[in-house]
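Heads up: the structure comes next, in structure tokens.
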Amino acid sequence: MSTLKTFLKDTFIYGIAAVLPRAINILLTKLHTNTLVSTKYAENTWYFVFAAYFIAFLTFGMETAFFRFFSKEKEKGKIISTSFITLLCTTLLFLGFLFVFNQTLATMLGFANPLHLKILTLVTSLDLLVVIPYAYLRVTNQPIKFAFYKISNIIIYAFVNVFFLWFVPYAIKNNIYLPEIITKSYAQTPTVVYIFIANLIASLITFLMLLPSILKFKLEFDTMILKKMLTYGWPIMVGSLAYITNENLDKLLLGTMIGKEDMGIYAACYKLGVFMTLYIMAFRLGAEPFFFNQAHKKNAKEIYAKILTWFTIVGALFMLLVVVYINLFASILLGKPEYYKALSIVPIILLANLFLGIYNNLSVWYKLTDKTKYGMYISIFGALITISFNLIFIPIIGFLASAWATFFAYGAMTVISYFYGKKYYNVPYKMGKVILYVVLSTALSFTSYYYFNKNYLISTLFIFLFIAFVIVNEKKELKSILKS
């Protein structure tokens with residue numbers, strides 16, 4: 001089996017682990033939007049924005065550093081244990097600090113209720129403790145176990161959501177017996193809190209499931225290894241914070257500048273763009289350890305070039321599919337018509353995220369040459385675009401400003417990374433093809449959205465046109481892949 005085919009097979013397995021949980025989460029969007037008014041949905045968004053910031057900061061880039069040093073160091077046991085012990089100690093410090101200053105920090109960070117921050121602190125702590133066990137499963141190519149734990153987590157989360165947000169009110173309305181503790185608690189607790197509780201229960205059970213694997217790690221702490229990993233990883237951490245800013249600051253600014261109602265509507269429609277995010281996440285789970293493991297091979301750069309071309313083709317097709325059937329996806333996932341008014345952001349967000357995926361491919365140059373500080377600089381530059389564009393244009397064009405800010409940030413990051421990569425680690429990417437597929441998909445997507453909206457016959461023909469173009473253009477490559 002060819003290297004490319006092996007990569008695609010492994011990425012498919014990891015992709016299930018990434019896509020299925022997120023897909024279930026997307027399906028829960030309709031339950032959340034039907035249950036919560038847009039202002040309460042904004043509180044839910046606020047909670048998960050800060051969860052993303054905490055995780056990005058407190059992992060210290062250790063996950064990527066783990067892949068880098070596990071692939072090149074001989075004493076792999078010390079890489080595992082040093083990484084885990086470091087995250088264990090910092091997690092306990094985080095947990096203690098946020099619990100002691102819960103009230104003050106909840107007010108400072110804009111949480112509607114200090115209880116929300118307490119739950120978030122516990123969830124984040126549990127999620128931090130499984131970062132290295134998950135990374136170990138990926139780097140040692142155990143996708144089935146990885147998928148099992150990830151899917152178990154989301155199934156538990158979904159079950160608790162459905163139980164409290166649908167079954168309990170249904171049972172109360174229809175006089176179905178429920179224990180008194182549940183009915184009393186439901187009457188006294190804001191509905192949005194049950195979403196956070198579901199998150200906590202899922203994270204706790206997942207941690208307990210992974211605990212036997214964690215206990216197998218031999219506890220050896222090596223300060224020299226830690227120093228090397230932190231030197232490599234801290235720019236990754238700063239870059240991750242900048243990425244979270246690109247992804248989430250728009251929601252925080254919208255809530256502050258034009259109100260939580262529009263923020264909630266924007267955040268709900270933004271989730272339709274998550275189809276591209278799912279694809280990127282699935283790719284990254286398989287690609288990151290794969291890129292490090294292939295780095296020593298003579299034809300590594302040619303492999304990376306092929307992967308970018310095919311990543312772009314599939315991503316461009318994803319974008320076109322979502323835009324063509326955007327109204328169907330909206331009716332399935334959003335529920336209330338009040339959320340539809342931000343649908344115009346979706347094509348922009350999809351294209352922006354396609355650029356993000358291309359950027360993730362190109363980032364191999366600074367990860368393999370240990371020049372992670374350049375990745376940090378590029379991410380910070382993208383965050384500055386996001387911040388400035390939002391602050392200037394939100395008062396003028398509302399939530400459309402946030403969508404365009406995301407597009408310009410990721411577009412700029414992609415261009416900068418490509419030219420720096422040519423200088424430090426020149427991969428023979430076929431950028432002519434990459435640009436061609438992006439432009440074709442964008443043209444077809446925007447034509448469908450603005451001129452043939454709900455005309456599914458013509459718009460579906462656009463999809464077949466794109467696929468036919470790929471088949472004709474990539475005939476030789478497709479035959480090579482199928483034969484290998």
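Worth pointing out:
- Two-site label geometry, TRP166 and LEU211: point separation in nm, points 7 Å out along Cα→Cβ: 3.1
- Averaging the sequence gap over all C-alpha pairs within less than 8 Å and six or more residues apart, then dividing by the number of residues, gives the stretch 3-483 a relative contact order of 23 percent.
- Karplus-derived 3J(HN,Hα) values for the stretch 454-468, using 6.51 cos²θ - 1.76 cosθ + 1.60 with θ = phi - 60°, are 6, 8, 5, 5, 5, 5, 5, 4, 4, 5, 5, 5, 5, 4, 4 Hz; glycine and proline are entered as x.
- Spatial offset of the stretch 66-87 relative to the stretch 109-184 amounts to 29 Å, using the alpha carbon center of each.
- With a Förster radius of 41 Å applied to the C-beta separation of ILE176 and MET257, the computed FRET efficiency comes to 0.40.
- Dipole magnitude of the stretch 193-307 about its Cα centre (Cβ charges: Lys, Arg +1; Asp, Glu -1), debye to nearest 20: 540
- Efficiency of FRET from Cβ geometry, GLU302 and LEU31, R₀ 51 Å, rounded to 0.05: 0.65
- Here each label is just a point 7 Å from Cα along the line to Cβ, and for SER331 and SER185 those points are 3.8 nm apart.
- The helix-based estimate of mean residue ellipticity at 222 nm for the chain, built from -39,500 (n - 2.57) per DSSP H run of four or more residues and divided by its residue count, is -28500 deg cm²/dmol to the nearest 500.
- Taking Cα centre as origin and charging only the Cβ of basic (Lys, Arg, +1) and acidic (Asp, Glu, -1) residues, the dipole magnitude of the chain rounds to 1440 debye.
- Stokes-Einstein diffusion coefficient of the stretch 262-380, Kirkwood radius over Cα pairs, 20 °C, 1.002 mPa s, in µm²/s: 135
- Convex hull volume of the C-alpha atoms in the stretch 240-302, normalised per residue: 100 Å³.
- Set the Cα radius of gyration of the stretch 3-483 against 2.2 N^0.38 Å, with N its number of residues, and you get 0.98.
- Semi-axis lengths (Å, descending) of the ellipsoid that matches the C-alpha gyration tensor of the stretch 136-248: 39, 19, 13
- Estimated vicinal HN-Hα couplings, Hz - the stretch 170-183 in sequence order (Karplus 6.51, -1.76, 1.60; Gly, Pro = x): 5, 5, 5, 5, 9, 6, 7, 5, 9, x, 4, 4, 6, 5
- Length added when fully stretched, ILE55-LYS454, from 0.36 nm per residue minus Cα-Cα: 139.7 nm
- Each of THR104 and TYR340 was given a label point 7 Å from its Cα along the Cα-to-Cβ line. The distance between the two points is 4.9 nm.
- Take the Cβ atoms of THR369 and ALA443, set R0 to 45 Å, and the FRET efficiency comes out at 0.80.
- Under Karplus coefficients 6.51, -1.76 and 1.60, residue-wise ³J(HN,Hα) of the stretch 392-397 in Hz, glycine/proline x: 7, 9, 4, x, 8, 10
- Built from the Cα atoms of the stretch 360-439, the convex hull projects on average onto 5.8 nm², one quarter of its surface area.
- Under 5 Å, built H, 5+ apart or other chain: amide partners of GLY61: MET237
Just so you know, all these numbers are worked out from the coordinates, no wet-lab data involved. A quick note: this is a predicted structure, and the numbers were derived from the prediction, not measured. When we count neighbours, we look across all protein chains shown, and the Cβ atoms used for this are built from the backbone with ideal geometry, even at glycine.
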